[in-house]
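Before any comments, here is the structure.
Each value in this text was obtained by applying a stated rule to the coordinates, not by laboratory testing. These figures come from a predicted structure and were not determined experimentally. Methodologically, a virtual Cβ is constructed for each residue, glycine included, from the backbone with ideal geometry; neighbour enumeration extends over all protein chains shown.
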Amino acid sequence: MNSNNSSETFQLLLFILKHKKINSLIFGIIFVLSTVVVFFVMAKQYTAEVSILPSAANAAQGLSGKLGSLASLAGVNLGSFSARSQEMYSGLLFSRDLLEKTIFHKYTFTEDEEFKEANLIDFFEIEGDSEEVKIQKTLKILREDAMVVNIDRDNQILYLLVTLKDPAVAAQAANYMVEVLDELVLSEVQKEITEQYSYLNRRIRETGDSLSIAEKELQKLLESTSDPTRPEFQVAQLRARRKVEIQTAIYVEMRKQMELLYLQNFVNLSPIKVLDPAYPPYRKSRPKRLFVLITFLALGGLMQIGANWAVYLYRRGLIKIPTEDLDRERVEN
């Protein structure tokens, strides 16, 4: 069986060599078409990169590190925010809120030696029946083709890569995304902090009022009797003192939580640190022309071998075209 396969392969090679002129012509046409597509039709893409250090990644540095130590002494662990911040920021970069602001931001670039300004919908030349359809198409391009987020967990650095057909727009979009990310994080964190402060302030007021009432009740109880040794008075006094102690413990804990909230959010409200802003790249990142050209030529060569194989089998009578049925249909029609 192996000898038969080897013989068939040898016969195919002889068949290809016998028709080398037509095969060379066809391969030349494939080469020319592939070269034209790769070098003149496929659009160039440029990748701009910006690296950022999430704000919480500084939690162990400088004043924030000292605040963390103070919190540890108070018996509360502020936790490690760096890994969570990287994942959170990566998710926020792909959120619709951030990307929609990025889409409608105005970008400046030159086209055909003409200075232009446009948002990403116009830049991508998106068409659609409605504004929402255009937004959805642009979001798909950004999320699936234009944006890549890499996380360096060892150094706690996040890299945002934006790939577009214009290097200036790619750099502007990457830098603007980080700017919107910083504003979004700070606004959301500030909103959460305000809610937490509001809740703690309300609980502190309520607990303080309850503590004052408990203290007054204890004072009134102590002043109301002339014989503090009576069993009934002793029981009532224990209850009143226990109530004061409970309210005092709650009040002290609420005050401590308020201080810790302040220390913790002092760290979280620090802005995102941009290590390297994005600059317009002068070299394209894709397509990899040599790789694409070799791929096209390899596929074309395989298709050409397949075509030779089909012709070879047909001439040997191993493949038959049902011409009789076709002729019969023509006669009947």
For K273, go through the lysines and keep the ones whose alpha-carbon is under 23 Å away, minus same-chain ones fewer than eight residues off. K66, K101, K191
Could you run the Karplus curve 6.51 cos²θ - 1.76 cosθ + 1.60 with θ = phi - 60° over the range 221-233 and give me ³J(HN,Hα) per residue in whole Hz, x for Gly and Pro? 5, 5, 7, 8, 10, 9, 10, x, 8, 5, x, 4, 5
Phi-based couplings in Hz for the range 245-259 (Karplus 6.51, -1.76, 1.60; Gly and Pro marked x): 5, 5, 5, 5, 4, 5, 5, 5, 5, 4, 5, 5, 5, 5, 5
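To make sure I understand, if each residue's beta carbon is the centre and we count other beta carbons within 10 Å, what order do D227, D145 fall in, fewest to most?
Working: D227 7, D145 11.
Fewest-to-most Cβ neighbours within 10 Å comes out as D227, D145.
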What span do the alpha-carbon atoms of the range 138-281 cover on each of the three principal axes, reported in whole Å from largest to smallest? 92, 30, 22
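How much length is gained if the chain between R205 and K44 is pulled fully straight, taking 0.36 nm per residue apart and subtracting their Cα-Cα distance, in nm to one decimal? Write out the running numbers ahead of the final one.
Details: separation 161, 0.36 × 161 = 57.96 nm, distance 6.37 nm.
In short, 51.6 nm is gained.
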Taking 0.36 nm per residue of separation and subtracting the Cα-Cα distance, what length does fully extending M303 through E100 add? 68.6 nm
Set of aspartates and glutamates with alpha-carbon distance to K106 below 15 Å, sequence-local pairs under 8 removed: E117, D122, E125, D166, E179
Viscosity 1.567 mPa s, temperature 4 °C: Stokes-Einstein D of the range 126-202 from its Kirkwood Cα radius, in µm² per second? 84 µm²/s
Based on the Cβ-Cβ distance of T225 and S198, what FRET efficiency does E = 1/(1 + (r/R0)^6) give at R0 = 41 Å, to the nearest 0.05? 0.45
In what sequence do V178, V162, V32 fall when counting other Cβ within 10 Å, fewest first? V32, V178, V162
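Over the range 131-240, what relative contact order in percent results from Cα pairs under 8 Å that are six or more residues apart? List each step's numbers first, then the result.
Numbers: 42 pairs, mean separation 12.4, N = 110.
Across the range 131-240, relative contact order equals 11 percent.
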